[in-house]
Amino acid sequence: MNETMATDSPRRPSRCTGGVVVRPQAVTEQSYMESVVTFLQDVVPQAYSGTPLTEEKEKIVWVRFENADLNDTSRNLEFHELHSTGNEPPLLVMIGYSDGMQVWGIPISGEAQELFSVRHGPVRAARILPAPQLGAQKCDNFAEKRPLLGVCKSIGSSGTTPPYCCVDLYSLRTGEMVKSIQFKTPIYDLHCNKRILVVVLQEKIAAFDSCTFTKKFFVTSCYPCPGPNMNPIALGSRWLAYAENKLIRCHQSRGGACGDNIQSYTATVISAAKTLKSGLTMVGKVVTQLTGTLPSGVTDDDIAIHCNSRRSPLVPGIITVIDTETVGEGQVLVSEDSDSDGIVAHFPAHEKPVCCMAFNTSGMLLVTTDTLGHDFHVFQILTHPWSSSQCAVHHLYTLHRGETEAKVQDICFSHDCRWVVVSTLRGTSHVFPINPYGGQPCVRTHMSPRVVNRMSRFQKSAGLEEIEQELTSKQ
């Protein structure tokens, strides 16, 4: 997109099925004198006449690229050809305005095709839902209407009075609305994969089945964040990560990033011995109270401190990862009385509240950041089939941005997981080189066309590099 298209756009009526084609134009940067002349031609006549220009422009509120079945390489075999000349997947651009939104498809030729347009008030969140993953006992109730578009507008189609409390599902094939999901509290974001549609509220998460859009499970123990992401979550192909409001010791995984105020897994094991000792002391205290004698060295303050330590207050910076397939229906509650079914990992990630997190393409790596925006932690989650307490959470990297505070808006992995990009509200994007398996990034790990292990010499010992060089020279 050129600079003009990214800042404002001409007003158009609602068109659910699209149809407008915009041909590519060369990007032309105005010189200083040309920009001054344009400013005089646009602004000065308005200052004298008091009337705006005849062509009304509207500001773009948000822009994002979307992944859908149309540009999914796993669903389109023609995109698998390497170094092809014309089979590259198209780009899907979603543009939000002050009174609606548009969806544009941009192929490699550059001719932008309008796929969808709706003008019924501002749109807070929108997602193109991928085709669901069908199983032996699953049936897609909306197969004839797909692809579907989930939109959260200020005023829902049913005319609900609370703003942003409704998710409308539109059919990009026919342009009609096929389903509406109502809520009592405002919606802040939408996430989706081939299994579920996740609706993010202020302190709650509601997940719906991608085939029937019936409620599958919901989470009410989220820790809200004062930032652009009110309730940060990360949705992978199967796992869902969110900010938990408490740290439950019996479900705590091994590892994580532990600070001064949060005990590590090893410290928890050590403190268990101290707890056992203090528990025996408590038994002795009760026995001696019944007999009328008090042991020496034990005060009432020690008993009060021990009783308060058994409570679990709200703790910021805790991450819980659940499996959307094995988690039970209804409320997902991580407590001392609940079992670990569906809980993949439960660990401390920061000392401050978590404001943003993201999975990589494989779902094994998770990057998180807190409200300060100084450091970004990259974790590798190695699950265990028994329980979340046996899961290993390896802290691979701490990516440092700076000493000044910044509100992180979004985090993204590259497809090969060798780069991490973090964007802040200051308009800056920070790019960090990493390795999916950890270790120091070097020329060998980041200059090769494929992801290589820095300790492995298989490529060279097997003679694959010589074969590639020979084939390249023949071509």
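Couple of notes before you dig in:
- Residues of the range 335-355 satisfying the condition of being under 23 Å from Gly227 (Cβ atoms) and of a type in the set (Val, Ile, Thr): Val354
- The number of residues in the range 91-124 that are of a type in the set (A, V, I, L, M, F, W, C) and either closer than 16 Å to Ala68 by Cα or touching a helix residue (DSSP H, G or I) at 6+ places or on another chain (Cβ under 7 Å) (or both) comes to 10.
- The range 403-436 - residue that is in contact (Cβ under 8 Å) with a residue 40 or more places away in the chain and not in a strand (DSSP E or B) and, of those, surrounded by the most Cβ atoms within 10 Å (Cβ to Cβ): Ile434
- Test: residue in the range 86-108 that is in a loop (DSSP other than H, G, I, E, B), modelled with pLDDT under 70 and open to solvent by 100 Å² or more (accessible area, probe 1.4 Å): no
- Residues of the range 328-338 that turn out to be open to solvent by 20 Å² or more (accessible area, probe 1.4 Å) and either aromatic (Phe, Trp, Tyr) or part of a loop (DSSP other than H, G, I, E, B) (or both), as a count: 7
- Within the set Ile205, Ile196, Ile187, the sole residue that is under 14 Å from Leu333 (Cα atoms) and not aromatic (Phe, Trp, Tyr) turns out to be Ile205.
- Residues satisfying the stated conditions in the range 339-360, i.e. touching a residue at least 60 places away in the same chain (Cβ under 8 Å) and part of a loop (DSSP other than H, G, I, E, B): Ser340, Ala349, His350, Glu351, Pro353, Asn360
- Restricting the range 339-356 to residues that are within 18 Å of Cys391 (Cβ to Cβ) and of a type in the set (Asp, Glu) leaves a set whose member that is surrounded by the fewest Cβ atoms within 10 Å (Cβ to Cβ) is Asp339.
- Breaking point among (1) without any contact (Cβ under 8 Å) to a residue 40 or more places away in the chain; (2) under 17 Å from the mean Cα position of the chain (by Cα); (3) within 30 Å of Arg457 (Cβ to Cβ), for Gln440: (2)
- The listed residue being at pLDDT below 90 and under 20 Å from the mean Cα position of the chain (by Cα), out of Ala206, Ala131: Ala131
- The listed residue being within 15 Å of the chain's Cα centre (by Cα) and either assigned by the TED database to the domain that holds Asp339 or not β-branched (Val, Ile, Thr) (or both), out of Cys391, Cys412: Cys412
- Subset of the range 167-213 that is open to solvent by 50 Å² or more (accessible area, probe 1.4 Å) and hydroxyl-bearing (Ser, Thr, Tyr) - its residue that is nearest to Glu114 (Cα to Cα): Thr174
- Cβ pairs under 6 Å, 6+ apart, first in the range 443-462 and under 16 Å from Asp416 (Cβ atoms), second in a loop (DSSP other than H, G, I, E, B) and open to solvent by 70 Å² or more (accessible area, probe 1.4 Å): Thr445/Arg454
- Counting the residues of the range 437-459 that are exposed (fewer than 11 other Cβ atoms within 10 Å of the Cβ) and modelled with pLDDT under 80 gives 4.
- In the range 165-194, of all residues being of a type in the set (Ser, Thr, Tyr) and more than 26 Å from Met357 (Cα to Cα), the one that is farthest from the chain's Cα centre (by Cα) corresponds to Thr174.
- Residue check for Ile128: touching a Leu at 6+ places or on another chain (Cβ under 8 Å), more than 20 Å from Trp62 (Cα to Cα), aliphatic (A, V, I, L, M) and touching a residue at least 24 places away in the same chain (Cβ under 8 Å): no
- All conditions but one from (1) at pLDDT 95 or above; (2) in contact with a Ser or Thr (Cβ under 8 Å, 6 or more places away or on another chain) apply to Thr369; the one that does not is (2).
The values are calculated or read from the model by the stated rules, or taken from the named source; none is laboratory data. This structure is a prediction, so every number in the text was calculated from the model and none was measured. Glycine also receives a Cβ, built like all others from the backbone with ideal geometry; neighbour counts cover every protein chain displayed. Areas reflect the complete protein model, heavy atoms only, side chains present, ligands, DNA and RNA absent. Shrake-Rupley method; radii C 1.70, N 1.55, O 1.52, S 1.80 Å.
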